[in-house]
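Enquirer: Next up is a structure, given as structure tokens.
The values are calculated or read from the model by the stated rules, or taken from the named source; none is laboratory data. In this text, all values refer to a predicted model and were calculated from it rather than measured experimentally. Cβ placement follows ideal geometry from the backbone for every residue including glycine, while neighbour counts extend to all protein chains displayed. SASA here: full protein model, heavy atoms, side chains in, ligands and nucleic acids out. Shrake-Rupley method; radii C 1.70, N 1.55, O 1.52, S 1.80 Å.
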Amino acid sequence: MEQDNNSSQTEPQEVFTPIPQARGASGGVRWLGLGWDLIKERFWMWIGVIIIYFIVSLIISTILGFIPLIGPIISPFITTVLAAGVVAIAHQQYETQRIDVDTLFFGFYNKRYLSLMGAYGISFLILLAGIIIAILVSSAAMMDIIYAINSDYPDEIIADMMVDNASGFTLFFVIIAIFGALSTAAYWFVPALVLVMVIKHFLQLKRALQQ
């Protein structure tokens, strides 16, 4: 499925460089605007791409779900390759003003799927590290509340303890939010750069986090 758009107003303005470059808030806003312009140019094609992405992901997850223990673990690694394909389609449109839906599966037939799966592994480890750190930091507050609940303390005392330990719970969610954002960035952007720019995922992760 290919379409051309000679009237596209979106022209590539930047050249990829392996050295990270800082961008201000205005750069992020401009990227959001550029992304929306790309979607508007091929709105129904993008709807089709997203539908295909979710259908294929659902099929993969369903099939692997029949494999005990291993299936649910493998499934996210495979769907990561598809997620990178979505971003690769956006890159293709940005560079050529055309969309080829086959690009969604580009990671499977260009032999880069191992690097893409490795990038997902990195995103998972980042999130896991965040959860462990959050639990360690707020463990005292959690243990107090759990002990109070198991000891049948009055609701008023439990409520007071929760207020007293509010800072610990707040810190828990802040840590999860920070590491969740880093994990999301690794899940979407690192695989896309591996796929488009042919850079090993470990090196690209370091560069992506320096942006």
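Enquirer: Against the conditions (1) modelled with pLDDT of 80 or more; (2) within 21 Å of Ile50 (Cβ to Cβ); (3) not aliphatic (A, V, I, L, M), where does Phe106 fall short? Just the number, please.
Expert: The one condition Phe106 does not meet is (1).
Enquirer: Restricted to segment 31-45, and to residues that are in contact (Cβ under 8 Å) with a residue 40 or more places away in the chain and in a helix (DSSP H, G or I), which residue is nearest to Asp102 (Cα to Cα)?
Expert: Just the residues of segment 31-45 that are in contact (Cβ under 8 Å) with a residue 40 or more places away in the chain, to begin with: 34-35, 38, 41-42, 45.
Adding the requirement that they be in a helix (DSSP H, G or I) leaves 34-35, 38, 41, 45.
On the way: Leu34: 23, Gly35: 20, Leu38: 18, Glu41: 19, Met45: 12 Å.
Looking at residues that are in contact (Cβ under 8 Å) with a residue 40 or more places away in the chain and in a helix (DSSP H, G or I), I get Met45.
Enquirer: Condition (residue is in contact with a helix residue (DSSP H, G or I) (Cβ under 8 Å, 6 or more places away or on another chain), within 26 Å of Val49 (Cα to Cα), modelled with pLDDT of 80 or more and open to solvent by 20 Å² or more (accessible area, probe 1.4 Å)) applied to segment 136-144: is it met by at least one residue?
Expert: no
Enquirer: Within segment 36-47, can you find the residues that are under 21 Å from the mean Cα position of the chain (by Cα) and either modelled with pLDDT of 90 or more or open to solvent by 30 Å² or more (accessible area, probe 1.4 Å) (or both)?
Expert: Across segment 36-47, the qualifying residues are Trp36, Ile39, Trp46, Ile47.
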